[in-house]
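Everything below concerns the one structure shown next.
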Amino acid sequence: MKQVIAFLNFDGNCREAMEFYRKCFEADLFLLPYSEAPGDLHWVTEETKDRVLHSTLTRGSTTILMAADTLPGAPFQQGNGFSVMLRCESLQEIDTLFTALGENGKITVPLQDTFWAPRFGMLTDRFGINWMFNLEQPQQG
């Protein structure tokens, strides 16, 4: 497996959430609204045309997240059933991301030392997405 990418679903606020994540990760954002999708999408209405059909957040050659708004009328439960795990490479990176993503969110496990990692923490961001932060142990040589 080359990469695991979290795919997030939103109910009309995908653009706002992905813009927020773009800022946090200092990344590039591709957004495709329903209204700009190729083909005849009969379910695109005036009310749904600005919903996001697909978005991708990248930094360099790395895909960080993908996301979309749900189809109109589809069942949706915010933040249910998953967490996004960030495997960080430095104390500075884990501290910066934890602070940025925690803005107006709820910290569920403050950043702390654990038996498996020098730093670990969890939070739910302002969009109801659960995040886990893990700083890897240095490799023993």
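Below is a table of values for the structure above.
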{"quantity": "Residue ID - farthest from the chain's Cα centre (by Cα), chosen from residues in the range 27-66 that are open to solvent by 50 Å² or more (accessible area, probe 1.4 Å) and polar (S, T, N, Q)", "calculated": "Thr45"}
{"quantity": "So Gln3, is it over 19 Å from Ile129 (Cα atoms) and touching a residue at least 60 places away in the same chain (Cβ under 8 Å)", "calculated": "yes"}
{"quantity": "The range 67-92: number of residues that are under 15 Å from the mean Cα position of the chain (by Cα) and either without any contact (Cβ under 8 Å) to a residue 24 or more places away in the chain or open to solvent by 50 Å² or more (accessible area, probe 1.4 Å) (or both)", "calculated": "7"}
{"quantity": "Given (1) in a loop (DSSP other than H, G, I, E, B); (2) within 28 Å of Phe10 (Cα to Cα); (3) out of contact with any Asp or Glu (no Cβ under 8 Å at 6 or more places or on another chain); (4) open to solvent by 20 Å² or more (accessible area, probe 1.4 Å), number of the condition Asp95 does not satisfy", "calculated": "(1)"}
{"quantity": "Every residue from the range 98-141 that is of a type in the set (Lys, Arg), part of a loop (DSSP other than H, G, I, E, B) and under 14 Å from Leu86 (Cβ atoms)", "calculated": "none"}
{"quantity": "Residue match in the range 12-25 (condition: of a type in the set (S, T, N, Q) and open to solvent by 60 Å² or more (accessible area, probe 1.4 Å))", "calculated": "no"}
{"quantity": "Scan of the range 87-120 for residues that are at pLDDT below 95 and in contact with a helix residue (DSSP H, G or I) (Cβ under 6 Å, 6 or more places away or on another chain), ordered by number", "calculated": "Cys88"}
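One line per residue, one yes/no per condition, for (1) of a type in the set (D, E, K, R); (2) touching a residue at least 12 places away in the same chain (Cβ under 8 Å):
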position: Phe20; (1), (2): no, yes
position: Leu32; (1), (2): no, yes
position: Asp40; (1), (2): yes, no
position: Ser55; (1), (2): no, yes
position: Gly60; (1), (2): no, no
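Conditions (1) within 21 Å of Gly128 (Cα to Cα); (2) among the aliphatic types (A, V, I, L, M), marked per residue:
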residue	(1), (2)
Glu16	yes, no
Arg22	yes, no
Leu41	no, yes
Thr48	no, no
Thr58	no, no
Ser61	no, no
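The values are calculated or read from the model by the stated rules, or taken from the named source; none is laboratory data. Note that the structure is predicted; figures quoted are calculated from it, not measured. Here Cβ is always computed from backbone atoms with ideal geometry, including for glycine, and neighbour counts include all displayed protein chains. Calculation scope for accessible area: heavy atoms of the full protein, side chains included, ligands and nucleic acids excluded. Shrake-Rupley method; radii C 1.70, N 1.55, O 1.52, S 1.80 Å.
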